[in-house]
Structure formats: C-alpha cells, structure tokens
Amino acid sequence: MLYKESQKMADLIADQPGVLLVMSRFGMPLGVGDQTVSEYCSTHSVDSTTFLAVANFARMPRDAAEYYVPRLKVESLIEYLKRAHEYFLDFQLPMIRRKLLEAVDCSRDNEVAYMILKFYDEYTGEVRRHMQHENRRIFTYVESLMQRRRPDASFEISQFARSHVGIDRKLQELKNIIIKYYTPRAGEGCDMLNNVLFDIYACEADLRSHCQVEDMLFVPAVRRLEENIMQEDGTPETTATAPAAALSDREKEVLACIVRGLSNKEISARLFISVNTVLTHRKNISRKLDIHSVSGLTIYAIVNHIVNIEDVR
C-alpha cells in the first residue's frame with residue numbers, strides 16, 4: 001500500500017527510515033509529534049502530494065510514478081532535487097572523502113591507496129559537473145515552463161532524458177577496487193575501512209534512487225507541463241506537413257518499443273506505465289498515423305528518425 005496523507009509521520013519514519021532523508025531534502029526538521037503527513041507538510045509549507053510521491057517511490061517505484069506524476073507539483077519536486085544535490089555535494093561525498101583519508105594510507109609509497117583517492121576525487125568532480133548542469137540548465141528551463149514560457153524552443157525534456165545516465169556506477173567500481181586490491185598495512189585497523197565501505201554502498205544506492213526519481217517522476221511531469229503549454233499556445237496536435245509531430249513524446253517512445261519487437265508487458269515495464277496505458281497509446285498511434293501493421297509502423301519510425309534501422313529486430 002502507498003503511504004497516505006492521513007498516516008502519522010512518525011509511523012512512516014518507523015516503517016522506512018529513508019523517509020528521514022526525504023524530509024531533510026524537503027527542508028522539514030524533526031519534531032514530528034503525532035502529526036499526520038498532511039499536517040506536518042502543511043506546517044512546513046511542503047506540498048504533501050509531492051512529498052508522498054518521493055516517499056512512496058522508494059518503496060514502490062512503478063506504482064508511485066504512475067499515480068503521482070499527474071498530481072505532484074513540479075516546483076516542489078525541483079526544490080527537493082536541488083536540496084538533494086546540496087546534500088551529495090556538500091555533505092555526503094566530502095564526508096566519505098574524509099573517512100577515506102583516515103582509513104587508507106594515501107602516501108606515494110602506497111600506490112593503490114593513492115589511486116583510490118585520485119579515482120574518488122575524479123568521480124566527485126564528475127558528479128559536481130553533472131548536478132551543476134542540472135541546476136543551471138535543466139531546472140532553469142523547467143522554471144521558465146512554469147511561468148508559461150519556453151526560453152529555448154529547440155529544447156525538450158526528452159533530450160535530457162535520452163542523455164541522462166546514472167552517476168552511481170563508478171562508486172561500484174571504487175568499492176570493488178578497495179575490497180579486492182587494497183591491503184591494509186600491519187597495525188592498520190579494519191573498522192574505519194569497513195565503515196567507509198558501508199558509506200560508499202549507501203551513497204551508491206542513494207545516488208541510484210536519486211537518478212530514478214529524476215527519470216520516473218521529474219521527466220514525465222515536465223513532459224506533461226510541455227504538452228500543456230503546447231495546448232495553451234494552440235499548437236496543433238497533428239499536421240499534414242509534419243507527420244512525426246503528430247505523435248506526443250510518450251507515443252514516440254511506445255512506437256520505438258513496438259518496432260523494436262517489445263511486447264505490451266515489456267513496454268509497460270520499460271516505460272513504467274500500465275499495460276492498459278500501452279494499449280491506449282497503440283490505438284492512438286495507429287489512429288493518428290492511419291497505419292495498422294507493425295511493418296508499416298517500422299517504416300514510419302525509421303523515415304521519421306524515431307529509431308535507427310539497426311535498432312529494429
């Protein structure tokens with residue numbers, strides 16, 4: 001079951017301690033008392049629906065995404081994501097580095113330890129650039145959308161989604177390097193090294209979840225915002241001169257999956273939508289294009305650069 005506004009905040013924390021991180025990234029302090037989720041969110045001027053979207057996402061990603069994307073407030077989610085970036089860049093990653101310095105001998109005489117620290121510093125630099133790009137470019141773009149204007153007509157959130165890659169993978173490499181190849185010197189204790197490894201595991205999972213929130217909650221919500229602005233501006237849904245524009249971004253995604261040979265169930269799992277929604281999209285695609293065979297849809301998708309010919313099975 002998804003958490004509800006009527007439940008006590010203390011019960012959510014007891015059931016899933018990760019809710020503490022969600023609270024801090026919404027700027028909500030402890031001292032929840034016996035208040036419900038709705039009451040406590042209201043006390044701290046946080047949209048309770050968006051809070052529950054993130055809290056439930058950690059437990060039931062697909063169900064939470066399907067239910068909350070049409071309901072959450074994008075501005076509240078952006079504030080959450082910005083605070084998450086601050087948490088990673090200003091607290092969690094620097095804390096791990098301090099522990100690494102204490103846990104391993106980083107002198108030049110210990111080449112493995114030196115390379116571990118160098119590897120970590122390069123990784124944190126990549127994460128910083130990644131998150132700063134989102135803060136400056138992506139969030140600024142979305143904030144302009146919320147003001148009902150598009151600062152860059154050539155940019156869509158789907159472009160970000162296509163290029164968005166997980167930033168947790170290198171942490172997996174780092175912990176494997178430490179586990180397999182770092183041998184402590186005689187007299188060095190294992191407690192601190194094991195402790196920092198535990199923190200790396202936790203950070204890896206946290207970063208992975210953060211990227212999934214962006215992919216499954218943030219991107220679809222922004223896509224809906226873009227579509228609403230197009231409708232408000234009177235942009236026609238279909239045109240005879242630009243058939244590729246007849247399809248929404250979501251319909252293009254479904255079409256790409258169809259011509260790649262995925263079943264309805266596989267499309268549902270990949271795009272985090274229900275099978276019924278997949279069937280609805282398939283009907284709308286065929287109706288809009290007046291194409292009812294997979295071979296015809298395949299030709300259309302290739303001609304309109306929705307898929308590459310080598311992607312088709």
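In the range 271-313, the residue that is farthest from Tyr67 (Cα to Cα) out of those that are in a helix (DSSP H, G or I) and among the charged types (D, E, K, R) is Glu310. Looking at Ala113, Ala103, Ala84, just one residue is buried (at least 20 other Cβ atoms within 10 Å of the Cβ), in contact (Cβ under 8 Å) with a residue 40 or more places away in the chain and in contact with a Phe, Trp or Tyr (Cβ under 8 Å, 6 or more places away or on another chain), and that residue is Ala113.
Return yes or no: is Gln147 out of contact with any Leu (no Cβ under 6 Å at 6 or more places or on another chain) and over 24 Å from Cys211 (Cβ atoms)? Working first, answer last.
Working: out of contact with any Leu (no Cβ under 6 Å at 6 or more places or on another chain): yes; over 24 Å from Cys211 (Cβ atoms): yes.
In short, yes.
The residue of the range 1-11 that is least open to solvent (accessible area, probe 1.4 Å), among those that are touching a helix residue (DSSP H, G or I) at 6+ places or on another chain (Cβ under 8 Å) and either of a type in the set (Val, Ile, Thr) or over 19 Å from Ala65 (Cα atoms) (or both), is Met9.
Every condition in (1) touching a residue at least 12 places away in the same chain (Cβ under 8 Å); (2) within 22 Å of Phe139 (Cα to Cα); (3) surrounded by fewer than 21 Cβ atoms within 10 Å (Cβ to Cβ) holds for Tyr67 except the one numbered (2). The set of residues in the range 72-94 being in contact with a helix residue (DSSP H, G or I) (Cβ under 7 Å, 6 or more places away or on another chain) and over 30 Å from Glu5 (Cα atoms) consists of Leu89, Leu93. A single member of Thr43, Thr49 is among the hydroxyl-bearing types (Ser, Thr, Tyr), open to solvent by 20 Å² or more (accessible area, probe 1.4 Å), under 28 Å from Arg270 (Cα atoms) and out of contact with any Gly (no Cβ under 9 Å at 6 or more places or on another chain), and it is Thr49.
The rows are residues; the columns are (1) open to solvent by less than 80 Å² (accessible area, probe 1.4 Å); (2) in contact with a Lys or Arg (Cβ under 8 Å, 6 or more places away or on another chain); (3) within 30 Å of Asp105 (Cα to Cα); (4) assigned to a helix (DSSP H, G or I).
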site: Val127; (1), (2), (3), (4): yes, no, yes, yes
site: His130; (1), (2), (3), (4): yes, no, yes, yes
site: Arg148; (1), (2), (3), (4): no, no, no, no
site: Ser158; (1), (2), (3), (4): yes, yes, no, yes
site: Thr183; (1), (2), (3), (4): no, no, yes, no
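Of the residues making up the range 251-275, those that are modelled with pLDDT of 85 or more and of a type outside the set (A, V, I, L, M) are Glu251, Lys252, Glu253, Cys257, Arg260, Gly261, Ser263, Asn264, Lys265, Glu266, Ser268, Arg270.
The values are calculated or read from the model by the stated rules, or taken from the named source; none is laboratory data. Note that the structure is predicted; figures quoted are calculated from it, not measured. With ideal geometry, Cβ positions are generated from the backbone for all residues, glycine too; neighbour counts draw on all protein chains shown. Note: accessible area is taken over every heavy atom of the protein model, side chains too, but ligands, DNA and RNA are not part of it. Shrake-Rupley method; radii C 1.70, N 1.55, O 1.52, S 1.80 Å.
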